[in-house]
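The values are calculated or read from the model by the stated rules, or taken from the named source; none is laboratory data. Predicted model only: the values in this text are computed from it and were never measured. Here the Cβ positions follow ideal geometry from the backbone for every residue, glycine too, while neighbour counts run over all protein chains shown. Surface areas here come from the heavy atoms of the whole protein model, side chains and all, with no ligands, DNA or RNA. Shrake-Rupley method; radii C 1.70, N 1.55, O 1.52, S 1.80 Å.
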Amino acid sequence: MWLRNSETRLMMPDDLARLNEPYPETLEPTDNDAMEAIGLRLSNWTTLENEVWADFTENPPYGVGWWAPDPGTSRRILISDQLYCCLNSVASNMTEAKLHWLEYLHTADRDDARLSDVVRMTPTGPIISMPKPRSPYEQLLPDLMRMHQAGMVRALASALDCLAGVVIGVAALPLSILRADLARTRQRLATIARRSTVGTSRQAQFAAQLETAIAAAGPPGWLDWTLDFRNMLVHRGRRIELGQFVPINPVLYGPDGHPAPRARRISHLPRDPGRSDVEVFLDTPSRFVLHEDSRQTLEGLMRSTIDLIEATATHMRDLWRWRRENPTAIRQPEAQWPNGPSTQSTGFDGYQPNSLVFSPQVGMMHPVTARRFRAAALDDAARPRWTMFD
């Protein structure tokens, strides 16, 4: 298959130059400023995060105040704080995904440059002659591309699972918010029927909005494919990689007047990452991979994930406001933190225990962290109250 190389893409040196431009001296930079600099905009999500954060109380009843008395003080604190962590982690994971994407493009450009002359014309037709790596770095370029590809998809899937945690908290679903994943959350939402209660009707409305947002964010199956691909990369054996060389246009001509073909390597991602190599080849080998450049697939995943996050944030903001105005319509369930505060430990003390003791005399804490501690009754004055919390 021959493709026209008409795409334009960012190159990391240009990005680094732009990212190194100083902020205006009058600006107090926020995380959103850094995200904007790499082309990541999550304005709806930021609005939702601020709205939820504003409802934290730093004195009794602690946590999200209007949930009280549900689901008990200790659980309200634990669930509230985890809800904030999930809100904040969506943006953090999307930032990591975007950085991996920029590095992936830069590494792919380096690989393209190294392989641009691999096609040679002979009397019997074109042949591929792979160049000998001139350095370990050149030899590792494909591995660097895989690393950033895997890092990007891992970060996108983590953002989606953190999105699930926010859905659980905002929609008050009886699922563990600490062990949230999007597939299980969608399954639980699908069981909610539009019954006579106004609360379940509002939850069912949100469930429909979420499914509409997923369908609108990308082609059919994009979300399940993303999560399957993450699971394959993280938990399974890696699938066989297939690719091809395609010509770079326009065609250049040498001094002898003959075309001097140039090419770049295209990789294709698996069509069914949840299946094994043997299972796929038992069917139709030609459908082993997606019939598009992996760069197109990854760019689409980024765009679809952003669109889903932004659309869902608007619906969750509306649901959160409605619940605040009607606090008894949907009660925050104890099942979101079924066993209370955990005391379990792995017993791991490091590889050289006590070789560098953590014993600071003076510490600094971000104002957000300080407010989280007060809203969780973790300051020195309030911590003893934990023994009396329900």
Inset, instruction - Calculate one ³J(HN,Hα) per residue across the range 355-368 by plugging θ = phi - 60° into the Karplus curve 6.51 cos²θ - 1.76 cosθ + 1.60, and present them in order as whole Hz with x for glycine and proline. - result: 6, 9, 6, 7, 8, x, 8, 9, x, 10, 9, 4, x, 5
Inset, instruction - Compute from the Cα atoms of the chain the Rg and the Dmax, the latter being the longest Cα-Cα distance, and quote both in angstrom. - result: 25.6, 89
Legend entry - Karplus-derived HN-Hα couplings along the range 371-381 (A = 6.51, B = -1.76, C = 1.60, θ = phi - 60°), whole Hz, x at Gly and Pro: 5, 4, 5, 5, 5, 9, 6, 10, 6, 4, 6
Inset, instruction - For the range 131-288, state the average projected area of the convex hull of the C-alpha atoms over all orientations, rounded to one decimal in nm². - result: 14.6
Legend entry - Assigned charges on the beta-carbon of Lys, Arg, Asp, Glu; the range 6-83 dipole about Cα centre (debye): 340
Inset, instruction - Please give the length that would be gained between ARG371 and HIS235 if that part of the chain were fully extended, namely 0.36 nm times their separation in residues minus their C-alpha to C-alpha distance (nm, one decimal). - result: 45.3 nm
Inset, instruction - Show the residues, 5+ positions off or on another chain, whose built amide H is closer than 5 Å to the amide H of VAL289. - result: ARG271
Legend entry - Potential lengthening between GLU325 and ASN249 on full extension [0.36 nm per residue; Cα-Cα distance subtracted]: 21.3 nm
Legend entry - Chain lengthening between SER196 and ARG179 when straightened (0.36 nm per residue, less Cα-Cα): 3.1 nm
Legend entry - Calculated over the range 12-112: convex hull of Cα atoms, volume per residue (Å³): 117
Legend entry - Cβ charges +1 (Lys, Arg) and -1 (Asp, Glu), total dipole of the range 102-211, debye: 580
Inset, instruction - Evaluate the distance, in nm, between pseudo-label points positioned 7 Å from the Cα of GLU28 and of GLN352 along their respective Cα→Cβ axes. - result: 4.1
Legend entry - Order of exposure, largest accessible area first, which applies to MET147, MET316 with probe 1.4 Å: MET147, MET316
Inset, instruction - With all protein chains present, calculate the accessible area of HIS366 using a 1.4 Å probe and round the result to the nearest 10 Å². - result: 120
Legend entry - Point-charge dipole on Cβ atoms (K/R +1, D/E -1) for the chain, about Cα centre, debye to 20: 940
Inset, instruction - Whenever you get a sec, line up ILE192, ILE77, ILE127 from highest to lowest accessible area (probe 1.4 Å, protein heavy atoms). - result: ILE127, ILE192, ILE77
Legend entry - Phi-based couplings in Hz for the range 267-273 (Karplus 6.51, -1.76, 1.60; Gly and Pro marked x): 10, 10, 8, x, 6, 10, x
Legend entry - PHE348, PHE358, PHE373, ranked by accessible area, largest first (probe 1.4 Å): PHE358, PHE348, PHE373
Inset, instruction - Rounded to whole Å and ordered largest first, report the semi-axes of the equivalent ellipsoid of the range 311-390 derived from its Cα gyration tensor (root of 5λ). - result: 35, 18, 17
Inset, instruction - Using just the helices of the chain, give the 222 nm mean residue ellipticity in deg cm²/dmol: DSSP H runs with n ≥ 4 each add -39,500 (n - 2.57), and the total is spread over all residues, rounded to 500. - result: -17000 deg cm²/dmol
Inset, instruction - Find the centroid of the Cα atoms in the range 57-97 and in the range 319-386, then give the distance between the two in whole Å. - result: 9
Inset, instruction - Show the residues, 5+ positions off or on another chain, whose built amide H is closer than 5 Å to the amide H of ILE266. - result: GLN244, PHE245, VAL246
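Equivalent-ellipsoid semi-axes (√(5λ), Cα gyration tensor) for the range 60-167, whole Å, largest first?
Listed largest to smallest, the semi-axes of the range 60-167 are 52, 11, 9 Å.
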Legend entry - Relative contact order, percent, the chain [alpha-carbon distance under 8 Å, six or more residues apart]: 25
